[in-house]
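> I'd like to ask you about the structure that follows.
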Amino acid sequence: MTDASLNSVPAAPRSRSLHTVDERTRKRNAAEKRFRVYGVTAILIGIVFLAVLAVSIVRSGMPAFSRMVVEIDFVLTQEQFDEAEAQLMKTSAYQAYFNAALQESLNAAGVSAPFDEAAVERILGKTGGILREFYRENPDRLGQPVSFELPASSRVDGYYKGRVTRDTIVDSRFLMKSDLDIVDAMHDAGILKRGFNWTFIQGTDSGVDNPGGAGIGASVIGSFFMMIVVLVLSLPIGVAASIYLEEFAPQNRFTDLIEVNISNLAAVPSIVFGILGLAVFIQFMHLPQSAPLVGGLVLTLMTLPTIIIATRASLKAVPPSIRDAALGVGASRMQAVFHHVLPLAMPGILTGTIIGLAQALGETAPLLLIGMVGYVAREYPDSLVAGFTEANSAMPAQIYTWAARADVGFYEKAWGGIIILLMFLLTMNIIAIILRRRYERRW
């Protein structure tokens, strides 16, 4: 080492001002600005797509909640009732009385239109059965004016919703082009008007030829019974399994294998669970096909991994000091878990459970395999037990069935069913948020 190297003094660093932005800082700031722009752009794109989806669903589904109805005041005397009941063709007599009352209403409104009894039946269907059932159940209303609100046929309803026009209509047994003259006359007279479609909310499926009378009420009941089965089975089993794996199970290869398989089951396609349910619950255990009980069991298998993962994450989020403090004052391991850890993890457990139920509520593929699409409920269950064991449908299965039919009216019903299903899912997610905020504790 030379003397020059020993006596050399290092050069003083260049002085930089904090108020001066150098090139590296300028690039870093530009990168941060670009990242913010990317983030805001991604959020805006997501909001635009969500808005387009919401508008499309509402625009396509809202017509299902309204229908064209005929409002008419009708009086049936005791003599007419006795005469109609004495005839073999009772409904035809009631139909004749209604046609006469309808013609009088049109004449009183000053509307002159070609009146055809066959056309009235195509426009409104067979109203004789409705009148007969009403007066049999309410004989005290005989001789009194009764205001009836009768739904128009699906073709007439489609005429005022734009699905059917005079140029595109084809004469058939459902509706003739000449029938539209009577329809317009009834609408101008205020007899035919738009009303809320309670049948869509409370009714059941009406077959492939009557989209106007189709309702989703029975499918809502079927989904309700399925969710009861899922909740009763998945919540205790999932929480118990999570507590054991997180708090009591030893850490070895066996528990590692179980944890890996639980994570894998959460990613398995739902139709695989449908195949499993078909093989085990129907073909092996011979449980009733298309029953909410079987659907609930299948959806329980699909929901369990989600609940277990969410519950374990909630238990793991509780600070270890809570466990140590409980054990330090003499509590047993089980007392520490059930008296201290579990109450603190309850918000996350409830949130995971409700999210799992919401996921199960919207599943269609598992229900395809157990026959809940092949069978469409036409009536409500007779009892509580029948609600679980008798064949029924579910909201996703009913929507799938309507969307697969050829009539455009069922396509409208499918969009309306999607709105109801989304309302249920939104309600369940709101409940999850409220429960989490209500029971959440901060340390």
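> How many residues does the stretch 374-417 contain that are closer than 18 Å to Phe224 by Cβ and of a type in the set (Val, Ile, Thr)?
4
> Next up: Residues that are in contact with an Asp or Glu (Cβ under 7 Å, 6 or more places away or on another chain) and more than 30 Å from Pro250 (Cβ to Cβ): does the stretch 344-356 have at least one?
No, because not a single residue in the stretch 344-356 is in contact with an Asp or Glu (Cβ under 7 Å, 6 or more places away or on another chain) and more than 30 Å from Pro250 (Cβ to Cβ).
> Right, another one. Return the residues of the stretch 294-337 that are touching a Lys or Arg at 6+ places or on another chain (Cβ under 9 Å) and closer than 26 Å to Val232 by Cβ; say none if nothing qualifies.
Residue satisfying the conditions is Val337 alone.
> Next up: Can you find a residue that is in contact with a Pro (Cβ under 6 Å, 6 or more places away or on another chain) and either of a type in the set (A, V, I, L, M, F, W, C) or more than 21 Å from His286 (Cβ to Cβ) (or both) anywhere in the stretch 386-393?
yes
> If you don't mind, there's one more thing I want to ask. Taking the options Arg436, Arg378, Arg405, name whichever one is basic (Lys, Arg), under 25 Å from Thr300 (Cβ atoms) and surrounded by fewer than 20 Cβ atoms within 10 Å (Cβ to Cβ).
Arg436
Yes/no per residue for (1) of a type in the set (Val, Ile, Thr); (2) more than 18 Å from Ile354 (Cα to Cα):
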position	(1), (2)
Met176	no, yes
Leu192	no, yes
Ile201	yes, yes
Val208	yes, yes
Gly212	no, yes
Ile221	yes, yes
Met227	no, no
Tyr244	no, yes
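> Lys161 passes all but one of (1) under 22 Å from Leu102 (Cα atoms); (2) within 35 Å of the chain's Cα centre (by Cα); which number fails?
Only one criterion in (1) under 22 Å from Leu102 (Cα atoms); (2) within 35 Å of the chain's Cα centre (by Cα) is unmet by Lys161, namely (1).
> Given (1) of a type in the set (A, V, I, L, M); (2) under 28 Å from the mean Cα position of the chain (by Cα); (3) under 30 Å from Ala386 (Cα atoms), identify the lone condition not met by Val268.
Answer for Val268: the failing condition is (3).
> So is His286 modelled with pLDDT under 90 and either within 30 Å of Leu367 (Cα to Cα) or not assigned by TED's automatic domain parsing to the domain that holds Phe388 (or both) or not?
Yes.
> May I pose another question? Answer yes or no as to whether Glu71 is loosely packed, with under 14 Cβ neighbours inside 10 Å and at pLDDT 80 or above.
No, not satisfied.
> Considering (1) surrounded by fewer than 20 Cβ atoms within 10 Å (Cβ to Cβ); (2) within 19 Å of Met68 (Cβ to Cβ), say which one Asp167 fails and leave the rest.
Of the numbered conditions (1) surrounded by fewer than 20 Cβ atoms within 10 Å (Cβ to Cβ); (2) within 19 Å of Met68 (Cβ to Cβ), the odd one out for Asp167 is (2).
> Another question about this same structure. Taking the criterion of being in the same structural domain as Ile431 (by TED's automatic domain parsing), under 30 Å from Ala394 (Cβ atoms), of a type in the set (Val, Ile, Thr) and over 23 Å from the mean Cα position of the chain (by Cα), would at least one residue in the stretch 310-323 satisfy it?
yes
> Within the stretch 195-217, track down each residue that is in a helix (DSSP H, G or I) and buried (at least 22 other Cβ atoms within 10 Å of the Cβ).
Within the stretch 195-217, Phe200, Pro211, Gly212 meet the criteria.
> Take the residues of the stretch 109-151 that are aliphatic (A, V, I, L, M), touching a helix residue (DSSP H, G or I) at 6+ places or on another chain (Cβ under 6 Å) and within 22 Å of Lys177 (Cβ to Cβ): which is modelled with the lowest pLDDT?
Ala113
> How many residues does the stretch 42-82 hold that are more than 19 Å from Ala414 (Cα to Cα), touching a helix residue (DSSP H, G or I) at 6+ places or on another chain (Cβ under 7 Å) and assigned to a helix (DSSP H, G or I)?
2
> Here's a follow-up. Tell me which of these Pro63 doesn't satisfy, since it passes every other one: (1) within 37 Å of the chain's Cα centre (by Cα); (2) more than 23 Å from Val183 (Cα to Cα).
Every listed condition holds for Pro63 apart from (2).
> Another question, then. So Val164 passes all but one of these: (1) in a helix (DSSP H, G or I); (2) under 23 Å from Phe196 (Cα atoms). Which condition number does it fail?
Evaluating Val164 over (1) in a helix (DSSP H, G or I); (2) under 23 Å from Phe196 (Cα atoms) leaves (1) as the failure.
> I would also like to ask the following. Can you find even one residue in the stretch 313-324 that is closer than 23 Å to Gly217 by Cβ, at pLDDT 85 or above and part of a loop (DSSP other than H, G, I, E, B)?
no
> How many residues are more than 26 Å from Leu350 (Cα to Cα) and either surrounded by fewer than 23 Cβ atoms within 10 Å (Cβ to Cβ) or among the basic types (Lys, Arg) (or both) if we restrict to the stretch 272-304?
Count: 15.
> Another question about this same structure. For the stretch 402-418, give me each residue that is within 15 Å of Gly213 (Cα to Cα) and over 10 Å from the mean Cα position of the chain (by Cα).
Trp402, Arg405, Asp407, Val408, Gly409, Phe410, Tyr411, Glu412, Lys413, Ala414
> If you don't mind, another one. Conditions first: (1) assigned to a helix (DSSP H, G or I); (2) of a type in the set (Gly, Ala, Ser); (3) within 25 Å of Gly215 (Cα to Cα). Ser147 passes all but one, so which condition is the exception?
With (1) assigned to a helix (DSSP H, G or I); (2) of a type in the set (Gly, Ala, Ser); (3) within 25 Å of Gly215 (Cα to Cα) applied to Ser147, the lone miss is (1).
> Only one of Ile430, Ile418 is closer than 28 Å to Arg155 by Cα and β-branched (Val, Ile, Thr). Can you tell me which?
Ile418
> Condition test on Asn252, is it closer than 30 Å to Ala336 by Cβ and either in contact (Cβ under 8 Å) with a residue 24 or more places away in the chain or over 22 Å from the mean Cα position of the chain (by Cα) (or both)?
Yes.
> Which of the residues that make up the stretch 255-266 are aliphatic (A, V, I, L, M) and either outside the structural domain of Leu301 (by TED's automatic domain parsing) or touching a residue at least 40 places away in the same chain (Cβ under 8 Å) (or both)?
Selection gives Ile262, Leu265, Ala266.
The values are calculated or read from the model by the stated rules, or taken from the named source; none is laboratory data. Computed from a predicted model, the values in this text were never measured in an experiment. Glycine also receives a Cβ, built like all others from the backbone with ideal geometry; neighbour counts cover every protein chain displayed.
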